[in-house]
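The values are calculated or read from the model by the stated rules, or taken from the named source; none is laboratory data. None of the values given here were measured: they were computed from a predicted structure. Quick reminder, even Gly has a Cβ in these numbers, built from the backbone with ideal geometry, and neighbours come from all protein chains shown. Accessible surface is based on the protein model in full, side chains and every heavy atom, while ligands, DNA and RNA are left aside. Shrake-Rupley method; radii C 1.70, N 1.55, O 1.52, S 1.80 Å.
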Amino acid sequence: MPLADTARRSHQDLLDFQSSLRDRVHETDDDQLAAVLETAAEALGGLAEAFADFNEGDEAAWDR
């Protein structure tokens, strides 16, 4: 599979998992679990953004 396709699929997979975690935040009554789920969702968002940046060539590091 071409590198760009792998990055694109990884980006989408991370966004899907992020959304799933955020759905679970609203399903729990445990505040600590909700905080962990939201923190994990935020981290996945950062990873998804990194894959998007890679695909778009938006980061200077990709120019090397």
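The table below gives the values:
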{"read-out": "The chain, relative contact order in percent, only Cα pairs under 8 angstrom and at least six apart counted", "value": "41 percent"}
{"read-out": "Most positive-pole-ward Cα, Ala40, Gln12, Val25, against dipole of the chain from beta carbon charges", "value": "Gln12"}
{"read-out": "Debye intensity ratio in log₁₀ form over the Cα atoms of the chain, taken at each q of 0.11, 0.15, 0.25, 0.29 Å⁻¹", "value": "-0.32, -0.53, -0.95, -1.11"}
{"read-out": "Cβ charges +1 (Lys, Arg) and -1 (Asp, Glu), total dipole of the chain, debye", "value": "280 debye"}
{"read-out": "Within the accessible area of the chain (1.4 Å probe), percent carbon and sulfur", "value": "53 percent"}
